[in-house]
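Only one structure is covered here, and it is reproduced in the block below.
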Amino acid sequence: MTRPRKTSAVEKKLVGVADVVITAAQRRKDPTLAIPIRALSNVSFNERRGLIEMGKRKQARSFFNVGMAKKFMQTVLVADALCELQRANLTTSLREIYYRTKHTIKDSHENTLDTQDESDPLIEDLEVTLAALREELHVRAENAGSIVGPLVLVDDGDRVDCAKLGKGGYSVPSIVEPEYLQIKKCTADFVLLVEKGTQWNRLSEDKFWRRYNCILLTGNGQPPRGVRRLARRLHEEKQLPVYVLVDNDPWGYYIYSVIKQGSINLAFESQRMAIPKAKFVGLSSADPEAYGLPRNVGIKLNDKDVARARELLGYTWFQKKSWQEEIKRMLSSGLKYELDALANKDFQYLTKKYLPRKLKERDWLD
Amino acid sequence: MRDQKPNPSKSSSPATQPKPAAVSAVEMGARQREISVSEFFTKNRHLLGFDNPRKALLTCVKEAVDNALDACEEAGILPDVVVKVEAVANGGAPLPASQASRFRITVTDNGPGIIRQQIPPIFAKLLYGSKFHRLRMSRGQQGIGISAAGMYGQLTTGKPVQIISRTSPRSPAHYFEVQIDTKKNEPRILEKKQIVWGAPRGTQVTMEVEGRYQKGRASVDEYIEQTIIANPHVKLTYHTADGETKEYPRTYDQLPPSPREIKPHPYGIELGMLLKMLQDTKSHSLSGFLAGDFSRVSPRLAEEIAIQSTKIMAPPTNCLSPIGERAILSGLYQQIKGEFYTAVSRPPAVYRGNPFVIEAGLAYGRGPEQAAASAEKKAVPLAEGEAQDNDHELARVIRYANRVPLLYQPSACAIYKAALDTTWRNYGVSQSRGALPAGPMVIFVHMASVWVPFTSESKEAIAEYDEIHKEINLALRECGRRLGAFLRRRERAHSEYRRRNIFELYIEEVVESCNRLKGGRLSTAKLKEQLQKMAMRRTGGEKTDELMAKNGSGPEGLPHSIIVTPEGIEGEVPVLVSEAPEAVSPNGAPEADAKPGKPSRPTGKTRRRAKAKRETSRATARRKA
């Protein structure tokens, strides 16, 4: 330690993992970490708050158990690596954590970790156990989102005017907490979160955001945490309504639900990520008829789609009558539709007809 | 085909004969003539195991060695055999063994020798021998083998068989060069003389044959090695065609008990056989015939049989000479590296009136040396996606009939089939449907009988009689049960050991990580000690070492078994020290290091082993350094 430095709360939490081992050893007890279970069985939907919340059930990970010993050891190793990040004030990726913690165990030919698949869940375990967000642990994901619109951000002291970034927009970083990214100015009326980059490009190219005074956001598929968190901040701090535009298939529905209520796996982060008031503008299973999309631009639902749709029907947060109808309508039609299918009518159909009519008719699901 | 049929009446059906080519019965009759066995086998040499050059070379060596061992054992002499295979130049420059097509085979034994008059017919007359007409166990049966080998040599190289034989130090050695007259099946003597021969007693046969020398499965080398496993009482020196010399010392100093000749047993005798025996018998009464010409039929029993069906004692077994559990163990242990050995001799049984004994053995595991070698190979840390080594090698079945290894046609053999349909999974060995069990394992099965039912004259596979199949199965199951007990015991100890081990491994990591988390201000030694104490308590402490047999517990409850651990050997290891000072066992048994003894030059195999051993110890030293 060359210079005195304030210990962060997260660092203290990480050091706590070592304390678990030391205290247990002193008391001759089996060192055990209590890790909240990240599964459907341990989440509940809080209807009042409109969020998926994590339950109280925990699993014990003990060191002196043949089946868990290695995982326990790996967990402590990852905690050590995360603490190193805190102390050096660096951020890193999941993959680098994996490489940082991989080595041969002394006097053996065994690796601490064999693949990244082993270390990734351990980081999530530590997130939920220590109640620390991944951002707080200084672990970032790829920049996988784009934003454009009447919005001024400050990133690392650089002013970013999202209205002056051409059609490419600004690449949403993985960590968008106020310490790293500030919203300087925002004059938009709403946020439109689009599932696919192609539709976002269409809307951006057509300057849809200018005409309708909105912010265009995409996560290229399942939106990464940065995109979700930024949408949430715009919703919370600037009181902007959030509309979600996804494909008409079970995966699209689920993306919407993750934005709205949070995911099962990271339910503990719902309170910082979810946007319970987000609206589903499309593509709805009612749209093909309402907008006259021909049947032949649909795709037959495969077995996986059907199974996934049935699962969604069972989730407590899909129990609204309108949603049950929506999903059942898709199942009975036996078809799914991509947003791209709108191009069948016109290349600019999305910008010029579909969205304007949707917004005008306030035709969305809650 | 027609002129092979001795009965001319079949061909005299004028209705089916086309007119112009009509041949009279007289003309046809004139064409009929006897076929000599020699002529028959000249055309059908594949029936005797001479289908291709590689197999032919093996068959020739095999016939000569079998004859030598039979002769020694019958005379009560511990066999001392020298086998030499040399590549012979065929006109041009001498070729390396792997490319040569002509070989000279010389087999020398220390047996009783052959009297002068008998030498030519024994080596140059098919179906001439002492073993066919009696019910007594021996390697050879029909009296075809060695003469057929000589005939094959004669046909392919034109060279006669050369024999030297001497019956005692007092009598002279005789040298013969003989060939077979294939038309008459009679020996033709090209040369005979008395010579001076170094050996006081014994026989040497030399043949020159067309062949191919290639190592690997079903090679001469494999035959020799398997012969030694089943005949640990044999001392054998093998000079390979490559010029290598392999010494196989005698490891078991007892000659197998000499088998006695017996009469057929009433069980399983067939009607035709019974009728033939009735014709040949010298007895005048039925009971006299029964008592005189069968085994285990007393005059009183004969009376009973003559009246009604009855129970008869199992056939006598003194006509058989099983190898014995101790000798099988010794053979397996000396020749195959492993961790576990066991052997089972079944009580005698009968098929078709012929008594037989099934013996089985197992060698399991890789042996300490090989295990160490594979551990060394893994010393490089594995990168992502690099598979752990998982070998799916299947068990090897080595088959014997009257102590002779069977190298061809495994899938046609009763032994192989019985090994297949033994449920090895019950004994902790994995086995896919319709396949041999998987794992480092050698399955040894020996059938000893006065008459082994081969599927063909080339004696490659044992025919599948129900009684034989059942006996093999019972023997293999017993071996399997013992293996299962061994594996379970080891597995239990291993899992305890592994638990301790992984905790010990991971404790280091956990303590180091905790220390870093605590900013390097942790008393690591104290934490490590606390955790290690807990690890010891939780995994049964000292018990593990006991289970791993480090404290010297024997192979309890496992009769006729040997267990080899890196620490040493448990169980009865029958080793003959008196005659084999250079005996280096593959398992590095302690007795191997014992004798500083004679300054004997280590040869062939032993030399290779010694080298391997040196390398292993060097590697160990390296690791320690």
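The values are calculated or read from the model by the stated rules, or taken from the named source; none is laboratory data. Just so we're clear, the structure is a prediction, and the values are computed from it rather than from any experiment. Here the Cβ is made from the backbone with ideal geometry for all residues, glycine too, and neighbour counts use every protein chain on show.
Worth a mention:
- Extreme residue, farthest from A:E118 (Cα to Cα), among residues of segment A:24-73 that are hydrophobic (A, V, I, L, M, F, W, C) and surrounded by fewer than 17 Cβ atoms within 10 Å (Cβ to Cβ): A:L40
- Selection from segment A:81-98 of residues that are more than 11 Å from chain B (Cβ to nearest Cβ) and in contact with a Leu (Cβ under 8 Å, 6 or more places away or on another chain): A:L85, A:T91, A:T92, A:I97
- Flag if B:G153 is in the same structural domain as B:I77 (by TED's automatic domain parsing), surrounded by 14 or more Cβ atoms within 10 Å (Cβ to Cβ), in contact with an Asp or Glu (Cβ under 8 Å, 6 or more places away or on another chain) and not hydroxyl-bearing (S, T, Y): yes
- Here A:S174 meets the list (1) within 16 Å of the chain's Cα centre (by Cα); (2) within 14 Å of chain B (Cβ to nearest Cβ); (3) not hydrophobic (A, V, I, L, M, F, W, C) almost entirely, failing just condition (2).
- Close Cβ contacts (under 8 Å, 6 or more residues apart or on different chains) running from residues in segment A:45-59 that are closer than 10 Å to A:T316 by Cβ to residues that are among the charged types (D, E, K, R) comprise A:F45/A:E53; A:N46/A:E53.
- Residue ID - nearest to A:T129 (Cα to Cα), chosen from residues in segment A:8-44 that are within 14 Å of another protein chain (Cβ to nearest Cβ), touching a residue at least 60 places away in the same chain (Cβ under 8 Å) and charged (D, E, K, R): A:K13
- Elements of type strands (runs of 3 or more DSSP E) in segment A:132-232, at least 1 residues being free of Cβ contacts under 8 Å to residues at least 40 places away in the same chain, touching a Cys at 6+ places or on another chain (Cβ under 6 Å) and surrounded by 15 or more Cβ atoms within 10 Å (Cβ to Cβ): A:170-172
- In segment A:49-79, residue farthest from B:K518 (Cα to Cα) [restricted to those that are of a type in the set (A, V, I, L, M), within 14 Å of chain B (Cβ to nearest Cβ) and not in a helix (DSSP H, G or I)]: A:V66
- Pairs meeting the criteria (first residue in segment B:228-243 and under 13 Å from B:P79 (Cβ atoms), second residue acidic (D, E) and not in a helix (DSSP H, G or I), beta carbons under 6 Å, at least 6 apart or on different chains) are B:K235/B:D80; B:T237/B:E247.
- Single match in A:G252, A:G314, A:G262 (criterion: of a type in the set (G, A, S), within 17 Å of the chain's Cα centre (by Cα) and farther than 20 Å from A:S146 by Cα): A:G262
- Within segment B:67-87, considering residues that are at pLDDT 90 or above and acidic (D, E), the one farthest from B:P232 (Cα to Cα): B:E86
- Residue match in segment B:176-190 (condition: within 27 Å of the chain's Cα centre (by Cα), in contact (Cβ under 8 Å) with a residue 12 or more places away in the chain and assigned to a loop (DSSP other than H, G, I, E, B)): no
Here's the yes/no breakdown for (1) charged (D, E, K, R); (2) at pLDDT below 90:
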position: A:A141; (1), (2): no, yes
position: A:D156; (1), (2): yes, yes
position: A:K185; (1), (2): yes, no
position: A:S204; (1), (2): no, no
position: A:T218; (1), (2): no, no
position: A:G226; (1), (2): no, yes
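- Top-ranked residue of segment B:496-521 - restricted to ones that are at pLDDT below 85 and either closer than 24 Å to A:A81 by Cα or assigned by TED's automatic domain parsing to the domain that holds B:I563 (or both), ranked as surrounded by the most Cβ atoms within 10 Å (Cβ to Cβ): B:F503
So that you can scan it fast, the table gives a plain yes or no per residue for (1) at positive phi; (2) within 14 Å of chain A (Cβ to nearest Cβ); (3) among the aromatic types (F, W, Y):
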position	(1), (2), (3)
B:Y408	no, no, yes
B:A419	no, no, no
B:K459	yes, no, no
B:R481	no, no, no
B:L505	no, yes, no
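- Of the residues making up segment B:235-266, those that are modelled with pLDDT under 90 and of a type in the set (S, T, N, Q) are B:T251, B:Q254, B:S258.
- Hey, B:K526 surrounded by fewer than 18 Cβ atoms within 10 Å (Cβ to Cβ), within 9 Å of another protein chain (Cβ to nearest Cβ) and modelled with pLDDT of 90 or more or not: yes
- Any hit, segment B:49-72, residues being in the same structural domain as B:Q204 (by TED's automatic domain parsing), among the polar types (S, T, N, Q) and in a loop (DSSP other than H, G, I, E, B): yes
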